[in-house]
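**Q** I have a structure here, written as structure tokens, and I will follow up with some questions on it.
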């Protein structure tokens with residue numbers, strides 16, 4: 001019996017049928033964003049605030065309480081069965097609210113700065129990986145070249161030189 005459910009979780013995570021709910025939520029919110037792009041869409045303040053509270057509340061519950069989801073209570077079973085879809089809905093709401101509704105000014109500013117930062121990190125990481133790849137290729141090539149020279153070419157050329165010594169006239 002497996003004590004740790006990590007292998008089971010990894011197996012389930014890789015299976016596409018277990019991710020259909022998140023996929024459909026993403027498709028629905030993507031379609032909603034696409035069809036409402038350029039249109040002035042207004043939800044009431046109560047609905048918008050309620051969605052923000054639910055979204056951020058569930059992100060907090062998902063992030064900070066998953067370690068306690070080990071008991072066999074009904075609430076834990078409900079959370080385990082729906083937490084991924086609720087997480088997807090929460091993130092989708094944040095994207096929808098920031099992009100379409102232009103609400104959540106603090107989060108929009110934070111995500112904007114985070115996006116700028118992530119772009120810089122991506123560029124620096126890509127350049128450093130290429131430099132590292134080039135540097136490691138050069139170091140490995142020179143190291144292997146030296147090893148092959150010392151183990152193969154130098155002894156062989158010495159042996160050939162001693163075997164076929166040129167006769168001096």
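**Q** So if I check each of 164, 134, which one is surrounded by 10 or more Cβ atoms within 10 Å (Cβ to Cβ) and free of Cβ contacts under 8 Å to residues at least 60 places away in the same chain?
**A** 134
**Q** Answer yes or no as to whether residue 127 is at negative phi, in the same structural domain as residue 22 (by TED's automatic domain parsing) and surrounded by 10 or more Cβ atoms within 10 Å (Cβ to Cβ).
**A** Criteria not met by residue 127.
The values are calculated or read from the model by the stated rules, or taken from the named source; none is laboratory data. Computed from a prediction, not measured in an experiment: that's the story for all the values here. Neighbour counts are summed over all protein chains in view; Cβ atoms, including those assigned to glycine, are modelled from backbone coordinates with ideal geometry.
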